[in-house]
Every structure is written in C-alpha cells, then in structure tokens.
Amino acid sequence: MKGTFILAAMGVVLRAGTAQAQTALPDTLEYARTKANEKDFGEADRVLTRYNARANHLDGLRLQAQVLYWAHDFNRAAAVHEQALAAFPNVPALRLDYARQLVEQNQLDKAKDQLRIYESQEDSARAESGLLLALISYKQLRVDAARQTLAEVLRRYPANAAATALLQDIDNTLRPYFRVGSRYLRDDQPLRALTYEAEATWFRSGLVAPIILLQANNFSLPEGHTSSYWLQVGNKFTFLPLGLTLNATGGLFQYSPNSTGVRATGNLLLSKTLGSTLTLDVQAARQPYQAVLTSARQPVMERLQALALRYGKGEKWLGKAGVEQRSYGDGNPAYSAYAWLLAPVLTRPAVVLKAGYAFSYASAERSTYTPVRSLSDVVLNGGPVAGAYAPYFTPRNQLVNAVLLSVKLWPQKKVSVAARGSYGVQGRADAPYLYLDKALNNELYIATGFARQSYHPVEVQGEVALKASPSLTLAATYGYSSLIFYNRHAFDLQLRYHLHREKI
C-alpha cells in the first residue's frame, strides 16, 4: 500500500490562523516555525513549551504537536493534541491534524473517532476526512468500503487528485497481477544460468490472496547443460485484529526432466507487527539450493530457519536485523547474523537518496571446500591442489562491515531509474586452501588449511522501469556481485501486468 504517499498528497501545512486566532501570529510562533523549518525541533519545542505554558493558544498547540511529531516524539505529540482538543473541542481542524498523525501511526480506530465530526460538515475539510476514512478502510483491508467512500468524495469533488490516486492504488491491489521475466547470470566458477519465471497473484480478501509461481532454469556447465523446474502454490492470510500475516507456500521441485523423483518444497513466513514501526518475522523453509557448480549438477535441498526484526518509518527509514540457520541434511549447519539500516539523505519529488550501514557474520561448522582433482592425479602430476565448494558454499568466520547507498529517480512521469549498492569497507574470512600432506603411516592425503583473508565485497544493482500503461510495466535490471568466492553478473527483464476490473 502507498499509505505514506497518499497521506503526503492529502497533507496540508498548518495554516497561519483560525477563526479564533489573531490575524498576525506573535513573533514567538514565527520564530518557532522558522526553527521547525530548519529542523531544529529541540529549540522549536523549547520555545513552544514556554509559550503554551502561559495559556492555551490554538496555533501554538497545533504547531507544537506537529513539531513533536516531526521529531518522532509521538507520545508527547499525542498528549499536546489531547490538550488542544480539551481546550478547543469545537475546532474541526484540530481533529483532522490529529487523525492524520494517528493514521500514520496505524492507530486506525482512534483516528476514525476523530473524524466523526466531519460527517455533518459541508466544506473542503470533508474531502480530506473522506480520504483519511478511505485510507483507514484500505489499511484494514475493507476495500469495498474504501472504494465507496472515495466514490462519495469524487462525487462532491470530481477534481480531487488525491482521491483519484488512492482509488487507482486500490484498484491495482484488487486486480489479478501477472509477472513474467527472464534472467541470465554468469560468474567465474564458471556457472551460466538462464532462468524463466512466471507469477500470478490475486488479492480477494484478507484470507484469500493466492499466488502461483513457476520457475525453469537452464544451467550451462563446463561439461554440458542441465535444467531444473520449480512450481509453487501459496496463499497470504492476514489477521488484522492480531497484527499477524502468514504467507504459506508449498511446491514441487524437479532436477532435470530425465531425473527420477520430485522433491517437495515449502515456506512458512509469519509476520507480527509490533507497534507502528517494527515487524517480527519468523520463517521456516525447505527449498532448492543452486548457487554453486555441484548444486547445478545434482539436486541439493536447503532447510532455512530465520528470525528477523524489520524497521520501517513510512518509506523513509528502513532497517532489518536477523539470524539464520541453513542446513543440508549432512549435519553441517551454517549460521549467520546481520543488521542493516538505511536513512533518508535527500527526498525530492524527482529523486530519493538514502544511505546506510550493514553488518554481517557467517560461519559453518566445517568446510565443504574439496579438491577438483583426485589424489592420484595430484601425486602423479603435481601442481597446486585446486578446489571448489561442493555441494554448497560454507563460510568460515566471514565478517563484513559495509556502507549502503540507494537512489531512485523519476526523470519522466512514466520512467523510473533505481540503483542500490553496498561496499564492504571491511571484510575478512578464513579462506580454505588444499595441500598434499603425509599421515603418520606415510600415506599421502589432501589436507585442508585456512588462511585469514581480507577483501572488499561489492554488490550493485540498477533498474530502469517504464510504465507503458496504467496496467503494464516493463523493467530491465543489471546486477554485479564481487564476493569472496565468485564475481557474478546478472541481467533481468520483466513484464508486470494488472488485469482490468470493473469501475465503481
């Protein structure tokens, strides 16, 4: 949902006065407003606290509540709103201010209570009240109620752009959605893969939101070609009163059309909202692993257990921290922990820039780095003992500290350009190496050693998207990764399409 965008479109700045206020604001309010515009919220709050302590001033209370909200002091912002409403209960604009902030904090029922006064109003404020009520219904997945409210707003105010935008967003959510795409990747293992994907989803209600995914992979290996196929069917269940979302998916995976046996896959992702900015994710999955040469030659199944905490303040501040365990049925689990945070640096209508920091650590109990030549070949022909990860990659004391950068541009109304990247300012790991050694009984064998290696991992991805029509989007993506055991290039083309549905 684009709730933050819609609220921004609907939002209005605090007006200089009301029917009860003086025509000219006191110098104190002008000073506080200037400090707020300079983002010196502490000084603005200090001045307004003293100003409002002498008496209840409508404009002073409204401005202080807004300043506190901008400063993310949500509890005090709510307290000032309550103080203002107690002093000025018959000023509808106060309730509209408060309702706006409550919607952004996902306190939807409380926001609805503040909007009841507008049911009898016949002015432009009723339009914004209707927009907020429609957005509340949309967030509560009562989409028919949201569309009916917007229809009434547009009947009274046909040129209301915010109502039209929200209605289009709702209609896009309700339309069946299709995505088809192809992806080509190559790396220096050397692995080449061409993947075709198709996805279909259809939101019907909070408990009925099915999804079907089909993936076909063709791998080009040094010795020839192999393929694999993966079909998944699932549904998204949303339990709004509990703040819970469950994504459940089951599937079938087959490696090569000539291979015997079909393997079952599954994924359960349970998400619980914790307040207005935090979400807890618990995940368990069984899925195919196809990241190294050996796993492209033979089926390898991965079990994933994950726990994560996501942070999101609208679409501005974003972050995530989590732990994972990956296992492959051989008693050698790999563990990882990570955290990252993106903060807004520049936000303009045509450009959004964010920067941040990421940390990750990963290690497995034992290494799967094995020789690609036999012992007899090494003994007879000599030379370095080359190796490769088989049948899956295992990190060992792998630690990365990285800086993050994300930018999105809209050079034209129907064209968007997005790029994101990370650069490891510090990366280290215990890299495996192989050597010929002799046992106590004088038998030769290939041994594994480890050496501390420093490196600077780089990951970059860019996308250009064209909104060819309200229903059709075309996107092209390029990605580059330079990691500890391979360098990879990936090219992706996608077509995304929403079916039309009936108008209101």
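The values are calculated or read from the model by the stated rules, or taken from the named source; none is laboratory data. Being a predicted model, the structure only gives us computed values, none of them experimental. Glycine gets a Cβ as well: all are built from the backbone with ideal geometry, and neighbour counts include every protein chain shown.
Quick notes
- Selection over region 451-504 of residues that are among the basic types (Lys, Arg) and within 16 Å of residue 291 (Cα to Cα) gives a count of 1.
Listed here are the residues, each with its yes/no results for (1) among the small types (Gly, Ala, Ser); (2) surrounded by 15 or more Cβ atoms within 10 Å (Cβ to Cβ); (3) assigned by TED's automatic domain parsing to the domain that holds residue 226.
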{"site": "271", "(1), (2), (3)": "yes, yes, yes"}
{"site": "274", "(1), (2), (3)": "no, no, yes"}
{"site": "290", "(1), (2), (3)": "no, yes, yes"}
{"site": "294", "(1), (2), (3)": "no, yes, yes"}
{"site": "300", "(1), (2), (3)": "no, yes, yes"}
{"site": "319", "(1), (2), (3)": "yes, yes, yes"}
{"site": "328", "(1), (2), (3)": "no, yes, yes"}
{"site": "331", "(1), (2), (3)": "yes, no, yes"}
{"site": "334", "(1), (2), (3)": "yes, yes, yes"}
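- Members of region 118-139 found to be modelled with pLDDT under 85, surrounded by 18 or more Cβ atoms within 10 Å (Cβ to Cβ) and either assigned to a loop (DSSP other than H, G, I, E, B) or of a type in the set (A, V, I, L, M, F, W, C) (or both), listed by number: 127
- Restricting region 140-181 to residues that are among the basic types (Lys, Arg) and outside any helix (DSSP H, G or I), the residue that is modelled with the highest pLDDT: 179
- Any chance residue 255 is at pLDDT 95 or above, hydroxyl-bearing (Ser, Thr, Tyr) and touching a strand residue (DSSP E or B) at 6+ places or on another chain (Cβ under 7 Å): no
- Some residue of region 447-454 being within 31 Å of the chain's Cα centre (by Cα), assigned to a strand (DSSP E or B) and in the same structural domain as residue 394 (by TED's automatic domain parsing): yes
- Number of positions in region 277-299 that are touching a residue at least 60 places away in the same chain (Cβ under 8 Å) and in contact with a Gly (Cβ under 9 Å, 6 or more places away or on another chain): 1
- Region 359-387, residues that are among the aliphatic types (A, V, I, L, M), crowded, with 16+ Cβ neighbours inside 10 Å and within 14 Å of residue 446 (Cα to Cα): 378, 385
- Hits in region 355-387 - residues which are among the charged types (D, E, K, R) and within 30 Å of residue 459 (Cβ to Cβ): 365, 366
- Among the residues making up region 470-485, a single one is in a loop (DSSP other than H, G, I, E, B) and out of contact with any Phe, Trp or Tyr (no Cβ under 9 Å at 6 or more places or on another chain): 470.
- Yes/no for residue 260 being at pLDDT 85 or above and either of a type in the set (Val, Ile, Thr) or exposed (fewer than 15 other Cβ atoms within 10 Å of the Cβ) (or both): no
- Near pairs, Cβ below 8 angstrom, 6+ apart or cross-chain, from region 489-500 (of a type in the set (Gly, Ala, Ser)) to any residue that is modelled with pLDDT of 95 or more: 490/183; 490/184; 490/185; 490/477; 490/478; 490/479; 490/480; 490/481
- Verdict on residue 201 being in the same structural domain as residue 491 (by TED's automatic domain parsing), among the polar types (S, T, N, Q) and in contact with a Lys or Arg (Cβ under 8 Å, 6 or more places away or on another chain): no
- Any chance residue 452 is closer than 30 Å to residue 374 by Cβ, modelled with pLDDT of 90 or more and out of contact with any Pro (no Cβ under 6 Å at 6 or more places or on another chain): yes
- Within this structure, residue 361 fails the test of being of a type in the set (Phe, Trp, Tyr), part of a loop (DSSP other than H, G, I, E, B) and either closer than 29 Å to residue 295 by Cα or in the same structural domain as residue 481 (by TED's automatic domain parsing) (or both).
- Test: residue in region 420-441 that is closer than 23 Å to residue 188 by Cβ, acidic (Asp, Glu) and surrounded by 11 or more Cβ atoms within 10 Å (Cβ to Cβ): yes
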